[in-house]
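Presented below is the structure to which this report refers.
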Amino acid sequence: MGYKDKTYVIFDGDKDQWAYRFMRGWKKNDNIDFDFEDAHDLFPLTYRAQDENYIKSKLRERFKATNQVIILIGESTKHLYKYVRWELEIAIELKLPIIVVNINEMRNRDFDRCPAIIREYGAIHIPFKMRIIKYAMDHFPSYFSRNSAKAWYYGEEIYKSLDL
């Protein structure tokens, strides 16, 4: 389940950090049923680190202790070739389940915003809504390990069951 699995969240630190902070806020709020083990706390990186090989080695350590990856897709995510791209490369290399969360709340793959590197990867594409993110964290990793496909979407029945 999502609350037990270590989850690494990828996002545009300049423009989409607010969405990551929302997720952390949901986690801290005792009145909200949303929890995850944040893998950002593993093997800390310094903000001054610029060397690609060093950063990738530290990220690889983090990702080896991670059960799933969430990427928050904003307006400029597909244009980030430094840290976001490096994080996605390692997640794919390690064959981690990737939950693509569209900040614009699109329920399927957003070709205008999704980084090309994960467009054909067997990720699930969902909107930025707490209930569907929780559902994906709880269900997608086990589904991913048993199946392969280019891209996944939840059907309308899942959204209805979650009152979305």
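Listed values, structure above:
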{"quantity": "Flag if residue 95 is under 20 Å from residue 6 (Cβ atoms) and in a loop (DSSP other than H, G, I, E, B)", "calculated": "yes"}
{"quantity": "Within the range 83-110, tally of residues that are farther than 25 Å from residue 50 by Cβ and buried (at least 17 other Cβ atoms within 10 Å of the Cβ)", "calculated": "11"}
{"quantity": "Single residue of the range 116-142 satisfying the filter (touching a residue at least 40 places away in the same chain (Cβ under 8 Å) and aromatic (Phe, Trp, Tyr)) that is nearest to residue 31 (Cα to Cα)", "calculated": "128"}
{"quantity": "Test result for residue 94, modelled with pLDDT under 95, among the hydrophobic types (A, V, I, L, M, F, W, C) and closer than 22 Å to residue 21 by Cα", "calculated": "no"}
{"quantity": "Single residue of the range 45-73 satisfying the filter (of a type in the set (A, V, I, L, M) and in a helix (DSSP H, G or I)) that is modelled with the lowest pLDDT", "calculated": "55"}
{"quantity": "Of all residues in the range 59-82 being of a type outside the set (S, T, N, Q) and more than 13 Å from residue 8 (Cα to Cα), the one that is surrounded by the most Cβ atoms within 10 Å (Cβ to Cβ)", "calculated": "73"}
{"quantity": "Yes/no for residue 26 being in a helix (DSSP H, G or I) and at pLDDT 95 or above", "calculated": "no"}
{"quantity": "Answer from 85, 113, 107 - the residue that is under 30 Å from residue 58 (Cβ atoms), assigned to a loop (DSSP other than H, G, I, E, B) and in contact (Cβ under 8 Å) with a residue 12 or more places away in the chain", "calculated": "113"}
{"quantity": "Residue list for the range 116-137, restricted to those being in a loop (DSSP other than H, G, I, E, B) and more than 22 Å from residue 160 (Cβ to Cβ)", "calculated": "120, 121, 122"}
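The values are calculated or read from the model by the stated rules, or taken from the named source; none is laboratory data. Not measured: the values here are computed from a predicted model. Here the Cβ is made from the backbone with ideal geometry for all residues, glycine too, and neighbour counts use every protein chain on show.
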